[in-house]
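Have a look at the structure below, then the notes.
Derivation of every value follows stated rules applied to the coordinates shown; laboratory data play no part. Source: prediction; values computed, not measured. Every residue, glycine among them, receives a Cβ derived from its backbone with ideal geometry; neighbour counts consider all protein chains shown.
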Amino acid sequence: MNPKERKEDLYDREEELRSISEALNLRERLIIVYGIRRIGKTSLMRVSLGDYPHVLLDMRKLYFSENTVTMPLLVKYILEGFREQMKASEKLYLGLRDAISRIKGLRIGEIGIEIEPNAKVSLTDVLSRVNDWCEERGERFVFAFDEAQYLRFSNIRYDGIIAWAVDNLENLSFLLSGSEIGVLRDFLRIDEPGAPLFGRYRREVYVDRFTEEESFDFLHRGFRELGVEPKVDEIEDTLKTLDGIVGWLTLYGYMRAVRKLPHEDALAKVFEEGSKLVMEELDKVISPSRKRYLAIMKAVAHGSSSWSDIKAYVTARTGPIPDSRLDELLGNLIKYGYLEKNDEYRIPDPIVKRAVISS
Ligand SMILES: Nc1ncnc2c1ncn2[C@@H]1O[C@H](COP(=O)(O)OP(=O)(O)OP(=O)(O)O)[C@@H](O)[C@H]1O
Ligand SMILES: [Mg+2]
C-alpha cells in the first residue's frame, strides 16, 4: 500500500523511468513530475532515485505538520533527510555530514547534524556546500521535493532559490513533483515571463493513468503473485469503476487478494475509504466557496460537460453566479486537478466523481 521503492515492485513506468534517468545522466538540473493524485508519482520518484545520492522530502507532510514552510524548518528537514541517507550509505553520509557541518550555525551532535539554537542557517548555504562536496567527489546530488507546490506556503520565494541553484550549482539536480499540476506550475511561475524559472530548460514527465490493458495486466499479475486465481469478470468490473488509477487499483487488490473480501465488498471498501480521503482533500480546496464549488463538481459528476450546462446547474442550485466568478472557480478546480477540460469538462478520478455525487 505504500509507495514502491524497488524497481521490481513497480509495474511498468518504463518510459518515465528512462526519461528521468536519462535526465540525471545528462546532468540536467531541473526535472518535474506531474500527475494527479494516487497515480504513482512518489513511487516513480523513489525508484528513479535509487542509486543517486539524494534526499526525498514530502512537502505536503511538512506543510500539514507545521502550516508553513519556513527556511529553518526546511533546512532541518533536509538535514534529517541526509540522516536517512545514512541507512543507504554510511560513508556517503559521513562525508556529507562533514561538509555540511562546516556551515556556520550547524554542528555535529549526538543525533546527527543539529542546528544551533537561534542560528540562521540558509538553504542557499546548504545547497552550495552540497554542490562543493559533489564537485570534489565527482558526484551528483538530487534534491527531490515531492508535492513541491506546498513550498508556496512560506514568506520565502523558494522558486527563486531553486532557479538560482539551477543556474549556479552544476552538481545538483532538482526533482520536483506535484499532483496539483496547475498549482505547481503557478508556484514555479514557469510560464510567467520575467519570473526566475521562466525559460529555464526543464525535463517534464507526465505520469498518466494505466490503459485498460495495462490495468488488467497489473491486477492480473498482482493476484497471481499473491497466489490468488484472478477472475476475469471481476477484474473487468473493477476497471470499469476504478479506471486506470493505480492507487485505487492497488487498494482494491489489497482488499480482494490480501484481505480476501468478496469482489463487491472489496470495491465497496475502496469507495468507502477512497471517498473519505478525497472529500477531506477536496474540502480543503473548496472551503472558500464550498456551495458553489460543490455545485460545479456535482454538475460535472452528473454529466453536465459544457460551460453553459454547468452554469445552468449551479444557478439552479445556488443562485445567480457572474460568468467571471464561474470561470474563476472552474479554473481553480482545474489547477488542483479535480476537473479536466479538453473540449468538455470532466472529473478525472472516478472516486472523486462518486464521492461528490453522494456528498
Ligand atoms: N507503477 C506502480 N506499480 C505498482 N504499484 C504502484 C505503482 N505506482 C503506484 N503504485 C501504488 O499505488 C499507490 C499510490 O502510489 P504513490 O503514492 O506512488 O502515488 P502518488 O501519485 O504519489 O499519490 P499521492 O498523490 O497520494 O501522493 C501506492 O500504494 C503504490 O504502491
Ligand atoms: Mg505522492
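Apply the a/c threshold of 1.5 to the C-alpha gyration tensor of region 285-357 and tell me whether it is rounded, prolate or oblate. Rounded shape, in that the Cα axes give a/c under 1.5.
Taking the Cα centre of region 285-357 as origin, sum charge times position over the Cβ atoms of Lys and Arg (+1) and Asp and Glu (-1), and report the length of that vector in debye to the nearest 20.
Details: 12 positive and 8 negative charges, 76 e Å.
Around 360 debye, computed over region 285-357.
Tell me which of 253, 144, 99 sits at the most positive position along the dipole axis of the chain, charges placed on C-beta atoms (Lys, Arg +1; Asp, Glu -1). The listed residue farthest towards the positive side: 99.
To the nearest 0.05, how large is the calculated FRET efficiency for residue 342 and residue 104 if R₀ is 41 Å and r is the Cβ-Cβ distance? Spell out each step's value before the answer.
Details: r = 53 Å, r/R0 = 1.29.
Working from the Cβ atoms, E equals 0.20.
Under conditions of 4 °C and 1.567 mPa s, region 28-185 yields 81 µm² s⁻¹ as its translational diffusion coefficient, taking Rh as the Kirkwood radius over Cα pairs in the Stokes-Einstein equation.
Dividing the Cα radius of gyration by the Kirkwood radius, what Rg/Rh value follows for region 132-240? Walk me through the intermediate numbers first.
On the way: Rg = 20.5 Å, Rh = 17.3 Å.
Rg/Rh: 1.19.
Only residues of region 123-149 count here: report those whose backbone N is under 14 Å from the spot 7 Å along Cα→Cβ of residue 89, or say none. Label zone hits: 133-143.
The dipole here belongs to region 167-230: it is taken about the Cα centre, uses +1 on the Cβ of Lys and Arg and -1 on the Cβ of Asp and Glu, and is about 240 debye.
Given 20 °C and 1.002 mPa s, compute D for region 212-280 with the Stokes-Einstein relation, Rh being the Kirkwood radius over Cα pairs; round to the nearest whole µm²/s.
This corresponds to a translational diffusion coefficient of 181 µm²/s.
Based on the reciprocal of the average 1/r between different C-alpha atoms, the Kirkwood radius for the chain equals 22.3 Å. Rounded to a whole number, what is D in µm²/s for region 185-342 from Stokes-Einstein with the Kirkwood radius over alpha-carbon pairs (10 °C, 1.306 mPa s)? Estimated diffusion coefficient is 86 µm²/s.
Computed from the C-beta positions of residue 315 and residue 76, the FRET efficiency with R₀ = 45 Å rounds to 0.35.
On a full-extension model of 0.36 nm per residue, what is the gain between residue 212 and residue 28, subtracting their alpha-carbon distance, rounded to one decimal in nm? Kindly include the intermediate steps, with their values, before the conclusion.
Numbers: separation 184, 0.36 × 184 = 66.24 nm, distance 3.33 nm.
Fully extending the segment from residue 212 to residue 28 adds 62.9 nm.
Annotation for region 1-58 versus region 277-296: alpha-carbon center distance of 30 Å. Cross-link pairs exceeding 30 Å in C-alpha to C-alpha distance, out of 4/231; 120/276; 4/104; 87/284; 311/335, comprise 120/276; 4/104; 87/284.
For the pair residue 139 and residue 192, a Förster radius of 30 Å applied to the C-beta separation gives a FRET efficiency near 0.35, rounded to the nearest 0.05. In terms of packing, defined here as the mean over residues of other Cβ atoms within 10 angstrom, the peptides 12-19, 302-309, 27-34, 224-231 line up highest first as 27-34, 12-19, 302-309, 224-231.
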